[in-house]
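A quick write-up on the structure given underneath.
The values are calculated or read from the model by the stated rules, or taken from the named source; none is laboratory data. Just so you know, these numbers come straight off a predicted model, no measurement behind them. No Cβ is skipped: glycine too gets one built from the backbone with ideal geometry, and neighbour counts run over all protein chains shown. For the accessible areas, the whole protein counts, side chains as well, though only heavy atoms, and no ligand, DNA or RNA atoms are used. Shrake-Rupley method; radii C 1.70, N 1.55, O 1.52, S 1.80 Å.
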Amino acid sequence: MSDVAHAHGHDEHGHHAHPTGLMRWLTTTNHKDIGTLYLIFALVMLFAAGSMALLIRAELFKPGLQLLHPDFFNQLTTMHGLIMIFGVIMPAFSGFANWQVPLMLGAPDMAFPRMNNWAFWLLPVAGILLMGSFLLPGGAVAGGWTMYPPLYIQGGISYDLTILAVHIMGLSSIMGSINIITTILNMRAPGMTLMKMPLFCWTWLITAYLLIATMPVLAGAVTMLLTDRNFGTHFFNAAGGGDPVMFQHIFWFFAHPEVYILILPAFGIVSQVIPTFARKPLFGYASMVYATASIAILSFIVWAHHMFTVGMPAAAQLFFMFSTMLIAVPTGVKVFNWVATMWRGSMTFETPMLFAIAFVCLFTIGGFSGLVLAIAPVDIQLHDTYYVVAHFHYVLVSGALFSIFAGIYYWLPKWTGHMYDETLGKWHFWLSVIGMNIVFFPMHFLGLAGMPRRIPDYALQFTEFNQIATVGAFIFGFSQLIFLAVVLKTVKGGAKATSKVWEGAEGLEWTVPSPAPYHTFETAPVVK
Amino acid sequence: MDEPVRETAGAYVFHSRPRCALSQGQERRVFWTLAAGAFGIALGFSALGYWLVLPFAGLEVGLLAWAFDALRAREGNYETLTIEGDAVVLEWRKEDGCGRRELNRRWVRIESDCSAPGRHCRISVCSHGCGTEVGQYLNDEARLQLAATLRSRLQV
C-alpha cells in the first residue's frame, strides 16, 4: 500500500465501473468490504450456532429424552462450540480488525489486500464443511469441540471433514494474523507511534502474535489425529502405545491462548467505547498495553488447569494453579482502569456504553468463577460440570459477544452513514443482558450440585434450574432478532450520521465522513 | 517519511510510495521474534515425539518470511507521474533501480489488463509501443480509479 498525494486542478475522481453483485464480493480486496464480509459471515453463523443452542436447551427443559436422539444432542453441543468459537467470535473480531485497524492507523488498506481476500473466502469453505457434516452418514462430529481422542480417532467420515475444516480455518487465521501484524507495524501514518495507537490495535497486534505462535500446534495436533485415524500411526491411540492425555496437553497449549485470542480484541473494543461515553481519556493507557501483553505471555503457562483431573504431580498442579491465579493481576489492572476511566466522567448511556458496562460487570463474574476453577482441589470437584459451562459462557457471551455488540453499535453509524434505532438498541441490550443471566447464572448452582455437562438427560433434582435456564435461553436467543432488525434498519436508512458520530470519540476513524468512503487515507494523515 | 509533492498551477501530480513505518532492523527483529516463538514451541513438541507440529511451523514461518520480504523489497520505492501542459513525466525507483520517462501527452494512452479488483490488476502508461506500469503501490480498486482519472486527464 502507499502514501499517495494528488495535486488537482479540477475534479480528480474518474469514474470506473466497480464490479457489482457477487463478483464485487468475491474479488474485493478492499478492507472495508472484507470487514463487512467477515461480519456478515459471523452473523449468519451466530444464528446457526444459536439455533443449535436453543435445541440443546429445549431438550434440557425436562429430565428424560424429549426431542433429540442423544447422539444428535452430542453433535449439537460439539458443533455449537466449534462454530461459536471459529465461526462467530473469531470472524467477528477479524471483521472489526479489517474495518477499523486501517482507519485507526491512517492506512489506506491492509498490507496484503489479496491475501486478505483469501483469508476471508477460506472461511465459508470451512463453514460449509462443518455444517455439511450433519448430512453425512453418522452425522456431524459428536466428540466435543476439544477433539479429544479416543472419540476423535474412532468417529466416522465427519471427523475427517472437521479436521480439514479446522486446518482451513487455521490457515485463514494465520493469513489474517500476518496481515494484521504487518499492517499495524508497517503501515501506521507518520507520527502514529506504537504508544499512540488506539488500544484496539494493540490488543489485535498481541492477538495476532498469539495466533502465529499457537496455530501450528493446533494444525499439528489435528494432523496427528488424522494420521492416527487413517495411516496407522499411534500418537494418541492408547491401543498402539500412544498417549491420549498428551493430546490434551497439546490441545490446551493451543486452546488456552485461544481463549485470550477470543477475549483480547474484546478488551480493545471496550477500551475504545468506555472513554468515548465517559468523555475522558482511557485511564492508564500504558498499563493497559502492558497488562494485555502480560495476559498473552501468561496464557502459555497455564494450559494444564483445563486437565487437573487427568492425574498430574502435586507440584505441577500447584504450578498451574498459581500461574492461573496470576492472570487475575493484569486482568484486574484492566478492570480497574475501565472503572477509573468512568469515575467522575460525564457519562451517557447509549447502547454501546450499556453493552460495555455489562461487559465489565459480567466478565468480572466470569473471571471470578475462573479463579474458583483455578483452585485445583475445587476444580477436581467441578470439572466437567455445569459450573464450567456457566464460567466460560460468562466469559464468552457477556465478554466476547457483548463486546462485539458494543462495537457494532459504536461503529455502525461510521460504516453505514446512518444512526441506529436507539430504542430498539436498548430493547436488545436489556433483553440480552437479562436473558443471558437467566440462562447462565443458574448453571453455577447446577454445577455446584454436580450436574455433568454434555448430557441430554439428568437427575430430577436439577429440573427447576434447567427450566429457568431454558426460558432464559429463548429470551436471549429471540432477542437477537431485534439486533438483526436494528442492523438491517440501519443499513437501509435512518438519521444521517456525522463524521464524529459520538461527542467524546477520539481517533482518526472519526475524521473521515460517515459512511467511511470506499478509499480512505490515500494521503497519509500526520498524527501529532 | 513523506516526499513532498511539488505543485504548479494546472499540473496534475500523482505520487505514490509504499507505506513503511518499520525500519529494516525493526522488521528483522519482529520476524525473528515471531519465527523463534513458532519454532521454539514446535521444537519442544518435536522433542517429545510429536514432530508433526514442526512442518506446520515451518510453513507458517515461510509465509511470514515471504510477507516480510515483500515489505522489505518495497522500502525506498516511489513513483511519480506529472501531467503538465503537453508533457507527461514518469519517475520511479524500484528494487532494480531508478528511471525517468518523458512522453507527449497526445500520444499517451492508459492500458489496464482487467476490469475488476482482486485479480492483480495492472495499469500502464503507454506510448510509442512501450508501457510503464504505474500505481504499483495501490490496491486494485485504487489502481482502477487511478486509470480512470488518468484517462480523463489525458483527454485533449
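Some points to look at:
- Protection proxy ranking of A:207-216, A:314-323 - average other beta-carbon atoms within 10 Å, highest first: A:207-216, A:314-323
- Interface burial for A against B (accessible surface, 1.4 Å probe, total of both chains, Å², rounded to 100): 5200
- Compared with the dominant Cα axis of chain A, that is its longest principal axis, helix A:90-105 is turned about 20°.
- Take A:248-258, A:449-459, B:22-32, A:398-408 and order them by the average number of nearby Cβ atoms within 10 Å per residue, most first; the result is A:398-408, A:248-258, A:449-459, B:22-32.
- Reachable lysines from A:K280, criterion Cα separation under 22 angstrom, eight or more residues apart if same chain: A:K196, A:K334, A:K414, A:K500, A:K528
- With a 10 Å cut-off around each Cβ of B:142-149, the average count of Cβ atoms from other chains is 6.
- Degrees between helix A:386-395 axis and first principal axis of chain A (Cα, 0 to 90, nearest 10): 10
- Computed about the Cα centre, the dipole magnitude for region B:78-154 is approximately 200 debye when only Lys and Arg (+1) and Asp and Glu (-1) carry charge, each at its Cβ.
- Other residues within the sphere of radius under 14 Å centred on the Cβ of A:G268, judged by their own Cβ, net out at 0 (K and R +1, D and E -1).
- A 1.4 Å probe run over the protein chains yields, for region B:78-154, 46 Å² of accessible area per residue, whole-number rounding.
- Förster-model FRET efficiency, 51 Å R0, A:T20 and A:Q461, C-beta, rounded to 0.05: 0.30
- Count Lys and Arg as plus one, Asp and Glu as minus one, and take only other residues whose Cβ is under 12 Å from that of A:S346; the net charge is then +2.
- Most positive-pole-ward Cα, A:M325, A:A459, A:H418, against dipole of the protein assembly as shown from beta carbon charges: A:H418
- Theoretical gain in end-to-end length, A:A238 to A:F47 [0.36 nm per residue, Cα-Cα removed]: 64.9 nm
- Local net charge near A:T223, Cβ-Cβ under 14 Å (Lys/Arg +1, Asp/Glu -1): -2
- B:C130, B:C20, B:C98, A:C201, ranked by accessible area, largest first (probe 1.4 Å): B:C98, B:C130, B:C20, A:C201
- Peptide B:17-27 - average C-beta neighbours from other chains (10 Å radius): 5
- Dipole axis of chain A (+1 Lys, Arg; -1 Asp, Glu on Cβ), positive-most option in A:L67, A:A119, A:A356: A:A356
- For the protein assembly as shown, the carbon plus sulfur part of the accessible surface works out to 67%, probe radius 1.4 Å.
- Using the Cβ-Cβ distance between B:R101 and B:W51 with R0 = 56 Å, the FRET efficiency computed as 1/(1 + (r/R0)^6) comes to roughly 0.55.
- Shielding score for A:234-247, defined as the mean number of other chain Cβ atoms within 10 Å: 1
- Cα-projected label distance for A:M312 with A:H69, points at 7 Å along beta-carbon direction, nm: 3.8
- Karplus-derived 3J(HN,Hα), 6.51/-1.76/1.60, for each residue of region A:180-192, Hz, glycine and proline x: 5, 4, 5, 5, 5, 7, 10, 10, 5, 5, x, x, 7
- Cα gyration tensor, chain B - rounded (a/c under 1.5), prolate or oblate: prolate
- Solvent exposure of region A:127-168 amounts to 38 Å² per residue of accessible area, where only protein heavy atoms count and the probe is 1.4 Å.
- Fully extending the segment from A:V471 to A:T193, taken as 0.36 nm per residue of separation minus the present Cα-Cα distance, adds 95.1 nm.
- Residue order for A:W427, B:W66, A:W415 - accessible surface, 1.4 angstrom probe, largest first: A:W427, B:W66, A:W415
- In region B:78-154, Cα pairs under 8 Å separated by at least six residues give a relative contact order of 22 percent.
- Degrees, to the nearest 10: A:422-448 long Cα axis against longest axis of chain A: 20
- The charge dipole of the protein assembly as shown, taken about its Cα centre with unit charges on the Cβ of Lys, Arg, Asp and Glu (plus for the first two, minus for the last two), comes to roughly 800 debye.
- Hydrophobic, long helices, defined as DSSP H runs whose alpha-carbon span along the helix axis is 27 Å or greater and whose mean Kyte-Doolittle value is at least 0.5, occur in chain B at B:53-74.
- Toward the positive end of the charge dipole of region B:75-156, with +1 on the Cβ of Lys and Arg and -1 on the Cβ of Asp and Glu, the farthest Cα among B:T80, B:A148, B:C98 is that of B:A148.
- Dimensionless Rg over Rh [the protein assembly as shown; C-alpha; Kirkwood]: 0.99
- Using 0.36 nm per residue and subtracting the Cα-Cα separation, the extra length available between A:V378 and A:S287 on full extension is 29.6 nm.
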